[in-house]
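Participant: For reference, the structure I am asking about is given below.
The values are calculated or read from the model by the stated rules, or taken from the named source; none is laboratory data. Just so we're clear, the structure is a prediction, and the values are computed from it rather than from any experiment. Using ideal geometry, Cβ is built from the backbone for each residue, glycine included, and neighbour counts are taken over all protein chains shown.
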């Protein structure tokens, strides 16, 4: 069966690190099993180490870098975020799981699984119960390190809630719920300090100017990039639906709202506690 993909364009250039890069554009059917279906465009980038010796003067060579070498195809996860540039995302030895395949010329010989792998035969809600349990531990550790941020977070949340959300530079809205997704940074080695520094700046701006600066709003907008990469938010739960008939059914919302410390997840959320009570009830951060 002929390939349903059609090469539209290709452009080759070199970048630092002795890499030869070829940008490729393809036209493919939306439904791979139906070549006559609606066409979409896909972009790919081929990267080869430039291991050719310098050409001798007066001697031409038609050989291209990487000739006769097998293809290693990297499919980026996310979901919904594109690959970085080759010089920004070098390949290093990593721990991988391998799946053998067919070694014939037109088949995949082997598959390497890297990074996080979703659990199989586990209900999506159980996955989020486990992640929320870990997240609660990180929140407790954060507020133990920065106890003053209990009041700071409530202060900022009240400011946002009183204005029914704040418009972001790109057109989205900063809500209390969006503010609390800063907890994704708690998984990074410097995440506590990053969040604390941003909250400190936001609190000072509200106190001094009565509003948040464009710099802080831009930081919040870039930290939660769902406005430009919505697929991540839409499909994230779906990666835990391991087979036919398995649905997520808002698993993260159901798991988090039953813990008693994520009131802001509830549809009837009344808003942050009064400032006089802020020192007694911390707002817990979540991931995304």
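Participant: Among the residues that make up the stretch 175-183, is at least one of them exposed (fewer than 14 other Cβ atoms within 10 Å of the Cβ) and either within 16 Å of residue 288 (Cα to Cα) or out of contact with any helix residue (DSSP H, G or I) (no Cβ under 6 Å at 6 or more places or on another chain) (or both)? Write out each step before concluding.
Facilitator: First pass over the stretch 175-183, keeping only residues exposed (fewer than 14 other Cβ atoms within 10 Å of the Cβ): none.
No, there is no match, as no residue in the stretch 175-183 is exposed (fewer than 14 other Cβ atoms within 10 Å of the Cβ) and either within 16 Å of residue 288 (Cα to Cα) or out of contact with any helix residue (DSSP H, G or I) (no Cβ under 6 Å at 6 or more places or on another chain) (or both).
Participant: Still on this structure: I'd like to know if the stretch 162-173 contains one or more residues that are in contact (Cβ under 8 Å) with a residue 12 or more places away in the chain, surrounded by 14 or more Cβ atoms within 10 Å (Cβ to Cβ), more than 15 Å from residue 214 (Cα to Cα) and out of contact with any strand residue (DSSP E or B) (no Cβ under 7 Å at 6 or more places or on another chain).
Facilitator: Taking every residue of the stretch 162-173 in turn, none turns out to be in contact (Cβ under 8 Å) with a residue 12 or more places away in the chain, surrounded by 14 or more Cβ atoms within 10 Å (Cβ to Cβ), more than 15 Å from residue 214 (Cα to Cα) and out of contact with any strand residue (DSSP E or B) (no Cβ under 7 Å at 6 or more places or on another chain).
Participant: May I pose another question? Among residues belonging to the stretch 5-30 that are in a loop (DSSP other than H, G, I, E, B) and within 19 Å of residue 75 (Cβ to Cβ), point out the one that is nearest to the chain's Cα centre (by Cα).
Facilitator: Within the stretch 5-30, the match that is nearest to the chain's Cα centre (by Cα) is 30.
Participant: Of everything in the stretch 247-288, what is on the phi > 0 side of the Ramachandran plot and at pLDDT 85 or above? Give them in sequence order. Walk me through how you get there before you give the answer.
Facilitator: From the stretch 247-288, those on the phi > 0 side of the Ramachandran plot are 249-250, 260, 271; that's our starting set.
Once the filter is applied, which keeps residues that are on the phi > 0 side of the Ramachandran plot and at pLDDT 85 or above, the stretch 247-288 yields 249, 250, 260.
Participant: With respect to residue 216, is the statement that it is crowded, with 17+ Cβ neighbours inside 10 Å, touching a helix residue (DSSP H, G or I) at 6+ places or on another chain (Cβ under 7 Å) and assigned to a helix (DSSP H, G or I) true? Write out each step before concluding.
Facilitator: Values: crowded, with 17+ Cβ neighbours inside 10 Å: yes; touching a helix residue (DSSP H, G or I) at 6+ places or on another chain (Cβ under 7 Å): yes; assigned to a helix (DSSP H, G or I): yes.
The answer is yes for residue 216.
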